[in-house]
Amino acid sequence: ATIVDLLGKMDLVISGFIRGRIIIAFILGVVLSIAYLIVGVPMPLLVGFIIGILSVVPYVSLIGIPITIGLMLIHVHENALGEPTWREAWWWEFGGPLLAYFLAQTLDDYVLTPRIQGKSTGMDTPTILFASLAGGILGGLYGVLLAIPVAACIKILLHELFWPNFKAWAEGRQKDFLPFSRD
């Protein structure tokens, strides 16, 4: 494999990763918009899609939680006339948007990201989950953001460079690659 071939394969994986993140953000925007409509958040389409767009970068969509709760508080207290309903109760103002966000984020983390990113990068679900966790531990927010494309590029390097040499050595077609002598 030439350098150009390797870089071409890595380019395909990285562009697939970016496309996958955009698809996930759109799906998450739709899911959050529907959930916020059910919960009663004002302007659910706008809020849902803004949080969906923010989810392109992991954990940045958390900014949307206080904004959503604030919108609920403003909306409920503007419209409160007489005895409050269950949708105007304090626990629903906080719990409704949190529950909707938690369910959408769980769908993203355990279903959408592994499946869509798996197809776009050629990695299986456990590898994606492990890469995301390892990236978060080693590099924090930047590690989570870069974990999947870096893992996919490492997979390409191992598959194209290391594995053929190791296989040739194991079959006896190549001499030992370690500089140890048997003296």
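FYI, it's all coordinate maths here, none of it is from the lab. Since the structure is predicted, the reported quantities are computational estimates derived from the model, not experimental observations. Here Cβ is always computed from backbone atoms with ideal geometry, including for glycine, and neighbour counts include all displayed protein chains.
Pairs of lysines in the chain whose Cα atoms sit within less than 24 Å of one another amount to 6, provided the residues are eight or more positions apart or on different chains. The residue among LEU73, VAL39, LEU158 whose Cα reaches farthest toward the positive pole of the charge dipole of the chain, with charges on the beta-carbon of Lys, Arg, Asp and Glu, is LEU158.
In the chain, the inverse of the mean reciprocal separation of distinct Cα atoms equals 19.2 Å; this is its Kirkwood hydrodynamic radius. Sorting the segments 129-142, 93-106, 156-169 by their mean number of nearby beta carbons within 10 angstrom, highest to lowest, gives 93-106, 129-142, 156-169.
State which helices in the chain qualify, where a helix is a whole DSSP H run, it must extend 20 Å or more along its own axis by its Cα atoms, and its mean Kyte-Doolittle hydropathy must be at least -1.0. All intermediate terms of the calculation are to be shown ahead of the outcome.
Details: long enough: 3-39 (53 Å, 1.92); 64-79 (22 Å, 0.95); 90-107 (26 Å, 0.57); 125-157 (24 Å, 1.79).
Membrane-span-like by this rule: 3-39, 64-79, 90-107, 125-157.
Projecting the Cα atoms of VAL60, ALA168, ILE137 onto the charge dipole of the chain (Cβ charges, centred on the Cα centre) puts ALA168 farthest toward the positive pole.
Among MET43, MET10, a tally of other beta-carbon atoms within 10 Å of each Cβ gives an order, fewest to most, of MET43, MET10.
Working note: 222 nm ellipticity from helices only, DSSP H runs with n ≥ 4, each -39,500 (n - 2.57), summed and divided by the residues of the chain, gives -23500 deg cm²/dmol to the nearest 500.
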